[in-house]
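The values are calculated or read from the model by the stated rules, or taken from the named source; none is laboratory data. Bear in mind the structure is a predicted one, so any value in this text is a computation, not a measurement. Positions of Cβ are backbone-derived with ideal geometry, glycine not excepted, and every protein chain shown enters the neighbour counts. Ligands, DNA and RNA are excluded from the accessible area calculation, which covers all protein heavy atoms including side chains. Shrake-Rupley method; radii C 1.70, N 1.55, O 1.52, S 1.80 Å.
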Amino acid sequence: MTKHKSIAVDGPSGAGKSTLAKLLARRLGFLYVDTGAIYRTVGLRAYRAGVDPEDEAAVTALLDGLDIELKYGADGLQHMYLDGEDVTDAIRQHVISWYTSGVSAIPAVRAFLLERQRDMAREHDVIMDGRDIGTVVLPGADVKIFLTASPEDRARRRFDELRKRGQEADYDTVLRDIILRDEHDTRRSAAPLRQAEDALLVDTTGNSLDESLDVLLETIKERLKA
């Protein structure tokens with residue numbers, strides 16, 4: 001039985017994990033799995049249901065009959081479906097970030113999605129990004145990267161991204177939310193954000209996208225050869 005290769009990319013909100021992981025997947029011929037999008041879909045479900053994302057009992061109740069699908073479109077990109085609806089764009093609303101942070105701290109949600117994520121790695125060569133990929137989801141990943149940047153740099157990137165999508169955004173609000181999200185993600189009891197002991201720390205503060213991509217690509221190729 002062929003053992004598939006797996007690359008784990010973890011790091012805080014706004015570090016560029018998704019953008020860089022997508023580009024890396026194309027260069028390496030791997031399947032890209034955006035685990036954050038999966039959790040965002042649960043967050044969107046809680047938002048639409050009017051449920052407090054930190055109400056563990058209420059969020060857990062939403063899991064019964066929850067219809068979430070991950071599909072790859074003709075564009076080769078991951079699309080998220082909720083109850084048959086393509087919510088790939090809807091889950092990127094700024095408000096959903098807070099809902100996602102809340103629901104992702106709930107053990108029942110993490111257990112619900114854990115095997116789905118591991119199944120992808122069993123069946124394909126994958127590059128998977130999130131917050132606990134190297135520590136919990138794929139502790140045996142062939143390559144582990146912990147991607148970070150200063151809060152200010154991450155806030156600027158997120159601010160620019162929101163504006164490009166036509167969403168109203170205020171830099172100071174985005175920075176505040178980034179800092180709060182960091183605190184929440186690192187302090188939560190269920191799979192907190194932390195660097196795996198065998199993960200390589202890559203700080204992209206001040207780097208252009210191409211510079212960050214080149215560093216990661218070289219690092220991953222070297223580690224896959226080892």
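Pairs are defined by a Cβ separation below 7 Å, a sequence spacing of at least 6 or placement on different chains, a first member in the stretch 105-133 that is more than 25 Å from THR19 (Cβ to Cβ) and outside any helix (DSSP H, G or I), and a second member that is open to solvent by less than 60 Å² (accessible area, probe 1.4 Å) and modelled with pLDDT of 90 or more; the pairs so defined are ILE106/VAL59; ILE106/THR60. None of GLY50, GLY11, GLY73 is modelled with pLDDT under 90 and open to solvent by less than 70 Å² (accessible area, probe 1.4 Å) except GLY73. Among the residues making up the stretch 167-214, those that are under 20 Å from the mean Cα position of the chain (by Cα) and farther than 28 Å from HIS94 by Cβ are ALA196, GLU197, ASP198, ALA199, LEU200. Among the residues in the stretch 162-169, are any of a type in the set (S, T, N, Q), open to solvent by 90 Å² or more (accessible area, probe 1.4 Å) and modelled with pLDDT under 90? The answer is no, given that none of the residues of the stretch 162-169 is of a type in the set (S, T, N, Q), open to solvent by 90 Å² or more (accessible area, probe 1.4 Å) and modelled with pLDDT under 90. Screening the stretch 148-226 for helices (runs of 4 or more DSSP H) wholly inside it with 3 or more residues that are closer than 30 Å to ALA108 by Cα and acidic (Asp, Glu) returns the ranges 171-187. Of everything in the stretch 42-57, what is outside any loop (DSSP other than H, G, I, E, B) and either free of Cβ contacts under 8 Å to residues at least 12 places away in the same chain or in contact with a Cys (Cβ under 9 Å, 6 or more places away or on another chain) (or both)? Give them in sequence order. The answer is ARG48, ALA57.
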